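To keep things clear, I will list the structure first and then write my remarks on it.
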Amino acid sequence: MADRDPTEVEEIRKIILSHQAWLKRPSSGKRADLSFRDLSRLNLERVALAGAKLAGCNLTNTRMVRADLTQADLFGADMEAINLSGAMLTGADLRGANLHRAQLTDANLRGADFRAGELLDDTQKTTRGGGVTRLTEAKMERSILAGANFSGCDLTGADLNDADLTGAELTSAVLMGTDFCGATLDGAVFGNTVMDQATLTRTYIPFTLPPDAIVQPNYTAMPVADFLELVASHERWVDSGGGEGARLDLDLVSVAGADLSGRTLAAARLRRCRLPGARLTKASLDMAELSYIDLDESDLSDASLRGVTLRRAYLAHTLFNRADASPTQLAGGRAWPANFDGADFSDADLRDARMGDAIVRGGVFTNTLTDGSGIDVANSGAIAPPPPEERRRQKRFVRPGLVVHTEHGVFPARNWSVGGLCLLAVNQPYRRGQTFQARVVMADRQDVAAVANLVVLHRDEERGQLSVRFHQYGDDLKALLKTAFLEHQKLAG
């Protein structure tokens, strides 16, 4: 923060303090108006800004862990890479906000508004916000999003593992490469919702959808000849170090059957594109950004894929024989690995590819040939989702507290449902997919206890949390959950 004006920082601090006084007694302070202010990179952990005006505010890379932004006005705010883990944003106005790669893990966004919106900055006579609210590649694991309005919102690549989207509005939302594993979607509204086939296949929706609920992405078809002209311009851009030509940068474009053998596409951007049946033998794709691309039945034999990003790409029936997906070396000696996080390799041939150092967690390897590739499928593949009757799609409760006794320690539950628990479990040895037996006890009633088999769904080492689901329900576990639920109703009044 050495580059920030100390006077400006002190002014912001006084505004926040006055707002906090206003929250306690309106006559003793003033509601904060930080519209269009630059709060980027500040540490505002646990700050109380409920109801504050933050429209058009610059909050990029700001740390707001466990902050209270209940019903805050964040219309058109730039919140790229903000850290709002565990924050309270119930009823917040986030229309037109940029939340690209935002950290919203364990946040409460119940009833938040993510619809489109543009904001006029009167001080600069410019429009702030790009219209569509962006939650692209946002981390929203275990977030509470019940009743939130995502109409028209772009959630491409967002992580919504184990999130609660009960009754959420998803009409016209873009859900390409979005991960809903374990998410609660009861009562969610779909209509003209954009989902690619790979995302739709792996998403469990607990009710029958009407015919027009899901639509395929609207790709723009490009003739092969036109695409090859752009590739040639990109090659000039690479060879000249950016002095000539232009970088290949396309989105939602479809080109079928292109012959790109031996061509240079290093550092190209082809996110959310379709290149089915492409011939990419011996092509250079080093450091290319190809997230969410569809390369069904393509041939990448002997291709150079050093440092490439193919996050959640559809790579079914694709040939990767002898492809080089080893890390690339950046300035300073840092190694940048190839990223195949969540990619679908069904029926692909990866034999003798160099992928031992690549990121392949969550990948789908159904009928995939991996001999000589260096991939450990047993530890890299996606965990098969539990059957519908066991999915953790129920409401979660904090009270009454539950405590889990295991052979490795005693862990309190951060929250629980009739389907599973989120445990505060620091320094525990359990891994995703592992099943273990434990004794579950009500914190305030030691006589109410049950033995349960638990399956690990998610492990968060940074926050010391472990999400587990119940595997099989004995009579004692059913009795415990019933007692806990009735106690919750009493406590909730």
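The values are calculated or read from the model by the stated rules, or taken from the named source; none is laboratory data. These figures come from a predicted structure and were not determined experimentally. Note that we place each Cβ from the backbone using ideal geometry, even for glycine, and neighbour counts take in every protein chain shown. Protein only, heavy atoms only, side chains kept; ligands, DNA and RNA dropped before computing areas. Shrake-Rupley method; radii C 1.70, N 1.55, O 1.52, S 1.80 Å.
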* Set T184, T178, T156, T220: member being under 29 Å from R263 (Cα atoms), touching a Leu at 6+ places or on another chain (Cβ under 8 Å) and surrounded by 23 or more Cβ atoms within 10 Å (Cβ to Cβ) -> T156
* Structure fact -> Counted residues in region 187-198 being open to solvent by 10 Å² or more (accessible area, probe 1.4 Å) and either of a type in the set (G, A, S) or over 17 Å from G111 (Cβ atoms) (or both) come to 8
* Would you confirm whether any residue within region 418-436 is open to solvent by less than 60 Å² (accessible area, probe 1.4 Å), within 17 Å of A163 (Cα to Cα) and part of a loop (DSSP other than H, G, I, E, B)? => yes
* Subset of region 12-51 (residues that are in contact (Cβ under 8 Å) with a residue 24 or more places away in the chain, part of a loop (DSSP other than H, G, I, E, B) and open to solvent by 70 Å² or more (accessible area, probe 1.4 Å)) -> R41
* Structure fact -> The correct count of residues that are in contact with an Asp or Glu (Cβ under 9 Å, 6 or more places away or on another chain) and closer than 16 Å to A268 by Cβ in region 290-303 is 4
* Structure fact -> Scanning region 287-330 for residues that are of a type in the set (D, E) and part of a loop (DSSP other than H, G, I, E, B) gives D296, E297, D302
* Restricting the first residue to region 143-162 and requiring it to be modelled with pLDDT under 95, which pairs with a second residue that is of a type in the set (S, T, Y) and in a loop (DSSP other than H, G, I, E, B) meet a Cβ separation below 7 Å and a spacing of at least six or different chains? -> S143/T105; A146/T166; L160/T178
* Asked: Failed condition for E8, given (1) at pLDDT 95 or above; (2) touching an Asp or Glu at 6+ places or on another chain (Cβ under 9 Å); (3) surrounded by fewer than 18 Cβ atoms within 10 Å (Cβ to Cβ), with all others met?
  -> (1)
* Please work out which one of (1) closer than 20 Å to S18 by Cβ; (2) in contact with a Cys (Cβ under 9 Å, 6 or more places away or on another chain); (3) touching a residue at least 24 places away in the same chain (Cβ under 8 Å) is the condition D106 fails and give its number. => (1)
* Going by the conditions given, is T309 open to solvent by 10 Å² or more (accessible area, probe 1.4 Å) and either within 26 Å of F180 (Cβ to Cβ) or modelled with pLDDT under 95 (or both)? -> yes
* Asked: Do the conditions hold for Q71, that is, is it open to solvent by 10 Å² or more (accessible area, probe 1.4 Å) and out of contact with any Lys or Arg (no Cβ under 8 Å at 6 or more places or on another chain)?
  -> yes
* Single match in T201, T166, T171, T208 (criterion: modelled with pLDDT under 95, more than 18 Å from the chain's Cα centre (by Cα) and open to solvent by 20 Å² or more (accessible area, probe 1.4 Å)) -> T208
* Structure fact -> When V468 is run through (1) part of a strand (DSSP E or B); (2) farther than 15 Å from N415 by Cα, the failure sits at (2)
* Leading residue by the ranking (surrounded by the most Cβ atoms within 10 Å (Cβ to Cβ)) among those in region 91-116 that are at pLDDT 95 or above and of a type in the set (K, R) -> R95
* Asked: What do you reckon, is V441 touching a Leu at 6+ places or on another chain (Cβ under 6 Å), more than 19 Å from C181 (Cα to Cα) and either among the β-branched types (V, I, T) or without any contact (Cβ under 8 Å) to a residue 12 or more places away in the chain (or both)?
  -> no
* To do: Give M88, M64 a once-over and let me know the one that is open to solvent by 10 Å² or more (accessible area, probe 1.4 Å), under 30 Å from F397 (Cβ atoms) and of a type in the set (A, V, I, L, M, F, W, C).
  => M88
* What tally of residues in region 276-302 results from selecting those that are within 25 Å of the chain's Cα centre (by Cα) and open to solvent by 10 Å² or more (accessible area, probe 1.4 Å)? -> 6
